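Scroll down for the structure; my scribbles are underneath it.
The values are calculated or read from the model by the stated rules, or taken from the named source; none is laboratory data. Keep in mind the model is a prediction, meaning the values are calculated, not measured. FYI the Cβ positions are ideal-geometry reconstructions off the backbone, even for glycines, and counts take in every protein chain you see. These area figures cover heavy atoms from the full protein model, side chains too; ligands, DNA and RNA do not enter into them. Shrake-Rupley method; radii C 1.70, N 1.55, O 1.52, S 1.80 Å.
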Amino acid sequence: MTSRLRRLALLGAAAVFGVAASAPKEPLPPYSGAYEPQTVDERGLWMQLDEAERRLRDSAFVLKEPALTEYVRAVLCRTVGTDRCRGARIYVVRNPEFNASMAPNGMMVVNSGLLVRVRDEAELAAILGHEFAHFEQRHSLHRFQHTRSMTDVVAWMSVVAASGASYQVRSTAINVANSAVGSMFAFGRDEEREADLLGAKYMIAAGYDPNALPDIWNRAMDEADATAFGRKQKSHRYDRLSFFASHPTDLQRATYLRTLVAGMGQGDAGREPLQTAVKPLRGAFLADQIKLNDFGGTEYLFGQLAGDTWDAELLCARGDLYRTRGNPRDLVSAAAFYTQAIALDPANADAYRGLGLAQLRGGDAHGVDALKRYLALRPDAPDHAMIQTLLP
């Protein structure tokens with residue numbers, strides 16, 4: 001572990017265990033220009049990633065929405081600086097999972113599930129800064145090299161354990177192999193902590209609100225708990241680290257990041273620019289979320305997006321969520337949500353469609369009228385023929 005990585009890891013650990021910590025005083029890492037692979041390992045990894053990027057670029061999952069992609073790029077450039085972000089190639093993909101990643105060759109993938117979950121531009125900057133920190137510190141390459149070394153150790157210790165002359169030799173070899181396996185996961189956690197702290201430095205230097213950092217992980221824990229409750233599972237434990245965990249727990253992240261930003265005051269949140277960029281595609285993103293079959297987590301997410309005010313689009317999506325689950329009481333609730341959406345937006349064709357389907361499924365003949373209204377509002381609907389078969 002490098003001395004710099006050790007200092008950052010100790011800072012995060014100190015915050016987790018309640019030791020006072022302050023914002024890092026180091027300047028941002030110097031920018032040395034676009035990096036080119038130097039070693040055999042790097043060149044081989046780059047070749048694989050370049051091929052993966054070519055496949056991704058032509059994939060139907062990549063959103064062909066230049067305005068949204070350019071907005072994400074603008075946030076990244078503000079966060080890490082114009083010179084640094086020139087080497088990043090951004091792909092926004094249609095994936096409802098909360099995630100983003102950046103490969104060593106400069107390919108950054110941003111999921112639609114991330115864009116629909118972050119509340120403002122500051123939270124988006126925190127995630128993008130974290131992923132760029134992985135890229136700038138070449139964590140993927142280091143992890144590859146470390147994993148290869150440790151798997152070599154495991155392989156040799158397995159040979160020693162199989163041919164050991166005594167119990168002590170076999171026991172020692174097995175313990176060394178287990179330690180090597182644990183080292184691989186611990187190495188990943190150290191790099192995640194380093195990326196958290198370096199990403200925080202990026203966004204704070206860019207003038208974004210530092211309080212966005214712990215907020216993201218607090219909501220991630222709440223959504224995971226809502227998912228577990230909806231599936232009748234036990235709540236997740238965030239104060240216990242699994243031997244095989246490759247990331248710090250969300251509670252650890254929220255704790256050391258909250259300690260990091262304590263007393264820094266407010267910064268730019270950028271809620272309106274984010275909402276404006278995502279709004280044209282939010283309905284499609286919400287529909288993707290419903291298809292995850294995660295009622296509890298999705299209901300929590302919709303509530304977070306609505307806050308104190310439910311708009312017609314969110315009410316319609318909530319109706320779709322309840323109608324998809326389809327219990328008798330869910331159909332009644334869904335019809336109520338669709339009715340509220342129609343009251344807010346009488347021209348919302350999707351709300352009439354959902355209302356009609358929910359009512360017919362629940363045995364209410366008034367659903368026919370709602371479906372007729374849907375076809376009147378959208379005569380070129382792609383499901384026109386299917387809906388027509390439900391009408392007398």
Answer yes or no: is there a residue in the range 82-102 that is modelled with pLDDT under 95, among the aliphatic types (A, V, I, L, M) and over 22 Å from Gln275 (Cα atoms). yes
In the range 305-316, is there at least one residue being touching a helix residue (DSSP H, G or I) at 6+ places or on another chain (Cβ under 7 Å), outside any helix (DSSP H, G or I) and closer than 18 Å to Asp225 by Cα? no
Filtering the range 61-105 down to residues that are under 20 Å from Arg117 (Cα atoms) and of a type in the set (Ser, Thr, Tyr), which residue is surrounded by the most Cβ atoms within 10 Å (Cβ to Cβ)? Thr79
How about the range 309-332: which of its residues are open to solvent by 60 Å² or more (accessible area, probe 1.4 Å) and farther than 20 Å from Lys291 by Cβ? Thr309, Trp310, Pro328, Arg329, Val332
Considering residues that are in contact with a Phe, Trp or Tyr (Cβ under 8 Å, 6 or more places away or on another chain) and either within 16 Å of Tyr71 (Cβ to Cβ) or part of a helix (DSSP H, G or I) (or both), the number found within the range 254-273 is 6
Inside the range 333-382, the number of residues satisfying the requirement of being open to solvent by less than 30 Å² (accessible area, probe 1.4 Å) and either within 36 Å of the chain's Cα centre (by Cα) or in contact (Cβ under 8 Å) with a residue 40 or more places away in the chain (or both) is 15
Checked pairs for the range 72-85, first under 18 Å from Asp120 (Cβ atoms), second of a type in the set (D, E, K, R), C-beta under 7 Å and 6 or more apart or across chains, list as Val75/Glu121
Which one of Asp350, Asp330, Asp380 is acidic (Asp, Glu) and either assigned to a loop (DSSP other than H, G, I, E, B) or not assigned by TED's automatic domain parsing to the domain that holds Arg318 (or both)? Asp380
For residues that are surrounded by 18 or more Cβ atoms within 10 Å (Cβ to Cβ) and over 17 Å from the mean Cα position of the chain (by Cα), scanning just the range 282-298, find the one that is nearest to Tyr322 (Cα to Cα). Phe295
Of the residues in the range 117-143, how many are β-branched (Val, Ile, Thr) and open to solvent by 10 Å² or more (accessible area, probe 1.4 Å)? 1
Is the range 294-305 home to any residue that is closer than 10 Å to Gly354 by Cβ and of a type in the set (A, V, I, L, M)? no
